[in-house]
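> What follows is a single structure, and I will ask about it in a moment.
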Amino acid sequence: MIRFLLCLIVFLGVNNTFSQDKFKLPKELNEISGLEKLNDSVLIAINDSGNSPEIFFINLQGTILKKCRVKNAPNSDWEDLTMDDKGNLYIADVGNNLNERKDLCVLKLNVNSAFQSDSINAEKIFFSYASQRFFPPKATSFKYNCEAIYWKDDSLHLITKNESKKPKDDGESHSWNRFPEDYVISDKPGIYTANLNDTDIEYLHKVGSKGISDLVTSIDYYEGVIAVLTYSEIRTFRINERAGLTTLSKAWGSKKFKKIAQREALVIFSDKIIYIATEKHPLLGGPFLYKKTFE
C-alpha cells in the first residue's frame, strides 16, 4: 500500500455523541491493515504487504495472544478481513496500488482451527474485475485498488478505492466520478469474475469522492448495519430490505475525525461499538487500537 502522506488538515464537526478508548499496539502490528471479531474477548488482525503471512489474535487492549501462519499463501498485499456466519475467515489479498495485479485472491480458512493451531492452509478464491481490460488501465479508470471487504448472503463484497483522474476537457461529454465501487464474488473457492453491484450501493455515494481523505480503507457489515472507514471519518448506514426493495437509512451516526491519521482497519464489535486500528506513522506514532462507542 502506498504510504499515506501526512497532510496538515484538521477535520472539524461531530454530529453525534461519540467516545473512545485508545490502546498502543505492539510493533509486530506496525502495518496493521485488517480487523475482525473472534468472540467477546478476542480480535483478529493482519498486516499488509511486505510482512509475514500471519494471523494475529489479540485481546481488546491490543495484546497479542497467539499467531497462526498461513502456510500456502504469501502476503502479497493483505488489506482487510471478514467472516461469515459459519466461522470462516476471509483474508483479502487484494491490495493493488498500481492497478496491474493479475493474481488477486481472497484466502478462506476456518477461524477456530487457526486459533488452535500455529499454522494452517487456506482455500483460495481468485478473481478479476469484469470491467478491467488493461493492466494498468488509463489514469481516468484507476479504480481497481481495494482495501475493504465484507461478507453478506454467501457473497464477498469488494469496495474499491477510486483514484481515477478527471478526463481532460476536450469538448466531449464524459461520464466520470470518483465514487467507490462495490464488486461481488462468491465465497466459494474457485476462479471468478467480480461483477459490479448495482444494488445496496447508495451508501457509497454518500461517503464522498473529493480526494485521498475520502478513500475507503475498511468496511464491515453487522446485522443490517454497514460501517465505512476512510482516513477522515466513520459513517454508518442501515440497509433495509423488504419485499425485494432495498432502502437506506441512518444507523448510529457518523464521525469526522479532528485530525487525519492512517486509519486502516475497522470491525463492528457489537451494537454501537466499533474497533479501529491505525498503522504506525513516523510523525503520528502508533500503531494504535481504538474502541469507539456511539452513544
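> Kindly indicate whether any position in segment 128-142 is closer than 20 Å to Asp80 by Cβ and touching a Gly at 6+ places or on another chain (Cβ under 9 Å).
no
> Could you go through segment 60-76 and let me know if any residue there is in contact (Cβ under 8 Å) with a residue 60 or more places away in the chain, under 16 Å from the mean Cα position of the chain (by Cα) and either closer than 24 Å to Glu163 by Cα or surrounded by 14 or more Cβ atoms within 10 Å (Cβ to Cβ) (or both). Reasoning before the result, please.
Keep residues of segment 60-76 that are in contact (Cβ under 8 Å) with a residue 60 or more places away in the chain, which gives 60-62.
Pick out the ones that are also under 16 Å from the mean Cα position of the chain (by Cα) and you get none.
No, every residue in segment 60-76 fails to be in contact (Cβ under 8 Å) with a residue 60 or more places away in the chain, under 16 Å from the mean Cα position of the chain (by Cα) and either closer than 24 Å to Glu163 by Cα or surrounded by 14 or more Cβ atoms within 10 Å (Cβ to Cβ) (or both).
> Now, a different point. For segment 242-289, how many residues are over 22 Å from Ile91 (Cβ atoms) and within 16 Å of the chain's Cα centre (by Cα)?
Of the residues in that region, 1 qualify.
> What are the pairs, 6+ residues apart or on separate chains, where a residue within segment 156-170 that is within 30 Å of Met83 (Cα to Cα) and at pLDDT 95 or above has its Cβ under 6 Å from a residue that is acidic (Asp, Glu) and not in a loop (DSSP other than H, G, I, E, B)?
Close Cβ pairs satisfying both conditions: His157/Asp182; Ile159/Asp182.
> May I ask you to list the residues in segment 24-48 that are surrounded by 17 or more Cβ atoms within 10 Å (Cβ to Cβ), closer than 19 Å to Ala227 by Cβ and either of a type in the set (Asp, Glu) or over 20 Å from the mean Cα position of the chain (by Cα) (or both)?
Within segment 24-48, just Glu36 meets the criteria.
> List pairs: first in segment 262-282 and without any contact (Cβ under 8 Å) to a residue 40 or more places away in the chain, second in a strand (DSSP E or B), Cβ under 7 Å, 6+ apart or cross-chain?
Qualifying pairs under 7 Å: Lys272/Trp252; Lys272/Thr293; Lys272/Phe294; Ile273/Lys291; Ile273/Thr293.
> Kindly provide the set of residues from segment 45-74 that are under 18 Å from Gly286 (Cα atoms) and outside any loop (DSSP other than H, G, I, E, B), ordered by number.
Result: Ala45, Ile46, Asn47, Phe56, Ile58, Asn59, Ile64.
> Another question, then. In segment 98-122, how many are surrounded by fewer than 17 Cβ atoms within 10 Å (Cβ to Cβ) and either at pLDDT below 95 or touching a strand residue (DSSP E or B) at 6+ places or on another chain (Cβ under 9 Å) (or both)?
Of the residues in segment 98-122, 11 are surrounded by fewer than 17 Cβ atoms within 10 Å (Cβ to Cβ) and either at pLDDT below 95 or touching a strand residue (DSSP E or B) at 6+ places or on another chain (Cβ under 9 Å) (or both).
> Kindly provide the set of residues from segment 283-295 that are over 21 Å from Asp40 (Cα atoms) and touching a residue at least 60 places away in the same chain (Cβ under 8 Å), ordered by number.
Result: Leu283, Leu284, Gly286, Pro287.
> Take the residues in segment 229-245 that are in contact (Cβ under 8 Å) with a residue 60 or more places away in the chain and not in a loop (DSSP other than H, G, I, E, B); name whichever of them is surrounded by the fewest Cβ atoms within 10 Å (Cβ to Cβ). Before you say what the answer is, go through the steps one by one.
As a first pass, look at segment 229-245 and keep what is in contact (Cβ under 8 Å) with a residue 60 or more places away in the chain: 229, 231-233.
Filter once more, so that each one left must be not in a loop (DSSP other than H, G, I, E, B): 229, 233.
Details: Leu229: 27, Glu233: 18.
Once the filter is applied, the top-ranked residue is Glu233.
> Check off (1) assigned to a strand (DSSP E or B); (2) buried (at least 21 other Cβ atoms within 10 Å of the Cβ) for Gly95 and give me the number that stays unchecked.
(1)
> Next question, about the same structure. Does Asp214 meet the test of being in contact with a helix residue (DSSP H, G or I) (Cβ under 7 Å, 6 or more places away or on another chain) and surrounded by fewer than 21 Cβ atoms within 10 Å (Cβ to Cβ)?
When the stated conditions are applied, Asp214 passes them.
> Just name the residue that is farthest from Ile201 (Cα to Cα) out of those in segment 171-185 that are at pLDDT 90 or above and among the hydrophobic types (A, V, I, L, M, F, W, C).
Checked segment 171-185; the qualifying residue farthest from Ile201 (Cα to Cα) is Ile185.
> I've got another one for you. Of all residues in segment 216-233, how many are of a type in the set (Phe, Trp, Tyr), within 12 Å of the chain's Cα centre (by Cα) and under 18 Å from Asp271 (Cα atoms)?
The qualifying residues number 1.
The values are calculated or read from the model by the stated rules, or taken from the named source; none is laboratory data. It should be emphasised that the depicted structure is a prediction, and the values quoted were computed from it without experimental measurement. Here Cβ is always computed from backbone atoms with ideal geometry, including for glycine, and neighbour counts include all displayed protein chains.
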